[in-house]
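Heads up: the structure comes next, in structure tokens.
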Amino acid sequence: MNIRVLTLFPEMFSALDHSIVKRAQDDERVMLETINFRDFSTNRHGKVDDYPYGGGAGMLLTPQPVFDAMASLPERKRRIIVMTPTGKRFSQRMAEEWANEEELVFLCGHYEGFDQRIHDQLVTDEVSLGDFVLTGGELAAMTMIDAVVRLLPDVLGASASHEDDSFSTGLLEYPHYTRPAEYKGHRVPDVLLSGNHARIEKWRREQSLKRTYERRPDLLVDAPLTEEDQHYLDSISGLSND
Ligand code: ADE
């Protein structure tokens, strides 16, 4: 996969030169390129922003440097993504869809954002990380890139897997424990030491359901639930008769 990022702060993306995303780049499973669109400004001071028509606070990124930076990229079938609090909420499902693309282009805004013609003429996806406002698109882009790259084939080693990830199953993930079996008086749940795989699976499923019920009940509306799941949820919500 090719990932290109148009940004005024390319140095910030060094955060992706570590750990799993670095290995994915080293193994050529992903090619990550940053492009400073200030380099395309025809203004002799490299200016990329201007005052909004109609007045108001803040500056807007002007069309010329962004259109010219985009025109310098090889023509490809690709998504052109802009990060904005007014976008659709980013999700694991979106990351899974994007992981099938050949190329993603991220346009990182700053200040009050981009002139609307950039959105209208260039952008295919407007996406938000959540209901809060960041100072720019870079941290949001890095978050989304990380979420996509770990889903690419062979990026997570054979010992790691994303199939049980929170959200992939429609539920939050169950808790994990490693050695020692007791630490400062706190024991690992006995069931995990039992060697009984059916009991372990049942416990994990119930822990997922319980966490989701307590922390993100909104997810239960769309989660695929069995009758047994529903019975367990009824029992912890006090709805059950038994
Ligand atoms: N840029 C500023 N705020 C943002 C948010 N919440 N999500 C994505 N990009 C943003």
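Okay, here's what the table says:
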item	result
Extended-chain gain in nm, criterion 0.36 nm per residue less alpha-carbon gap, Ser14 and Asp146	46.3 nm
Mean Cβ neighbour count within 10 Å, used as a protection proxy, ranking 105-114, 162-171 highest first	105-114, 162-171
Cα-based helix-to-principal-axis angle, 197-215 vs the chain, degrees rounded to 10	50
Accessible area in square angstrom per residue, the chain, 1.4 angstrom probe	61
Distance histogram in 10 Å bins (all Cα pairs of the chain, percent per bin)	6, 24, 27, 20, 13, 7, 2, 0
Within straight-line cross-link reach of Lys77, lysines at Cα separation under 28 Å, skipping those fewer than 8 residues along the same chain	Lys22, Lys88
Nitroxide proxy distance, nm - points 7 Å out along Cα→Cβ at Met59 and Ser161	5.1
Nearest-20 debye value, the stretch 1-63 charge dipole, Cβ charges on Lys, Arg, Asp, Glu	120
Surface share of carbon and sulfur [accessible, 1.4 angstrom probe, percent] for the chain	48
Taking the stretch 61-162 and dividing mean pair separation by its residue count, relative contact order in percent (alpha carbons under 8 Å, at least six apart)	37
Two-site label geometry, Arg89 and Glu101: point separation in nm, points 7 Å out along Cα→Cβ	2.1
Total charge dipole magnitude, the chain, about the Cα centre, Cβ charges on Lys, Arg, Asp, Glu only, Debye to nearest 20	460
Heavy-atom accessible area ranking, 1.4 Å probe, most first, across Asp49, Asp131	Asp131, Asp49
Residue-averaged [θ]222 nm for the chain, counting only DSSP H segments that reach four residues, each worth -39500 (n - 2.57)	-9500 deg cm²/dmol
Label-point gap, in nm, between Ser235 and Gln121 - each point 7 angstrom along Cα→Cβ	6.2
Percentage relative contact order, the stretch 83-242, counting C-alpha pairs under 8 Å, at least six apart	21
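The values are calculated or read from the model by the stated rules, or taken from the named source; none is laboratory data. Note that the structure is a prediction, hence the values are computed from the model and not measured. Here Cβ is always computed from backbone atoms with ideal geometry, including for glycine, and neighbour counts include all displayed protein chains. Areas reflect the complete protein model, heavy atoms only, side chains present, ligands, DNA and RNA absent. Shrake-Rupley method; radii C 1.70, N 1.55, O 1.52, S 1.80 Å.
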